[in-house]
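Structure, as structure tokens:
A short reminder: the numbers here are calculations on the coordinates, not readings from a lab. Computed from a prediction, not measured in an experiment: that's the story for all the values here. Using ideal geometry, Cβ is built from the backbone for each residue, glycine included, and neighbour counts are taken over all protein chains shown.
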Amino acid sequence: MDLHDVLIRPIITENTMDMMAGKKYAFEVDKRATKTQIKNAVEKIFNVKVEKILTTNRIGKVKRVGKNEGKRSDWKRAVVKLTADSKGIEFFEGLM
């Protein structure tokens, strides 16, 4: 799996904006990606040092429109904590 295929998109919410003060960043990642692959991708792409990674598998909601029922797709979230001496990820700096 290519490094750029591991990270799908950053997750930007009020909760994740508060986590940035502690050098924690949230990403939607490929469902098949392991913690090692996520760590390597973040370190290579953003040129930072990763201390810890927490991953969760999120289950998509069931939605209805009239009598038709469907389901949103399942996805995986990774919260990446950087080391104390590492610089922040520049992509998120303009959002704060």
Handout entry: Under Karplus coefficients 6.51, -1.76 and 1.60, residue-wise ³J(HN,Hα) of the range 33-45 in Hz, glycine/proline x
Key = 6, 9, 4, 5, 5, 5, 4, 4, 5, 5, 5, 6, 6
Practice task
At 7 Å along the Cα-to-beta-carbon direction for both Arg9 and Glu69, put a label point, then send me their distance in nm to one decimal.
Solution key: 2.7
Handout entry: Residues in the range 40-59 reached by a label modelled at Lys24 [backbone nitrogen below 17 Å; 7 Å Cα→Cβ]
Key = 50-58
Completion exercise
Charge dipole of the chain built from unit charges on the beta carbon (Lys, Arg +1; Asp, Glu -1), centred at mean Cα; most positive-end Cα among His4, Met19, Asn57 is Asn57
Exercise for the section: Can you tell me the dipole magnitude for the chain around its Cα centre, using point charges on the Cβ only (Lys, Arg +1; Asp, Glu -1), in Debye to the nearest 20? Expected result: 580
Exercise for the section: Report, ordered by chain and residue number, the lysines lying within cross-link reach of Lys81, taken as a straight Cα distance under 16 Å and ignoring same-chain residues fewer than 8 apart. Expected result: Lys23, Lys24, Lys35, Lys39, Lys44, Lys49, Lys52
Practice task
Mind telling me which of Ala78, Ala33, Ala21 comes out most flexible in a GNM of the chain, alpha-carbon contacts under 10 Å?
Solution key: Ala21
Problem - Percentage relative contact order, the chain, counting C-alpha pairs under 8 Å, at least six apart - result: 30
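What's the longest bit of the chain with no exposed trypsin sites (Lys or Arg not before Pro), using DSSP loop states and at most 16 other Cβ atoms within 10 Å as the test?
On the way: sites that count: Lys31, Arg32, Lys49, Lys61, Lys67, Arg72, Lys87.
Looking at the chain, 1-30 is the longest stretch - no exposed trypsin sites (Lys or Arg not before Pro) with at most 16 other Cβ atoms within 10 Å.
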Completion exercise
In cubic angstrom per residue, the convex hull of the chain built on its Cα atoms measures 111
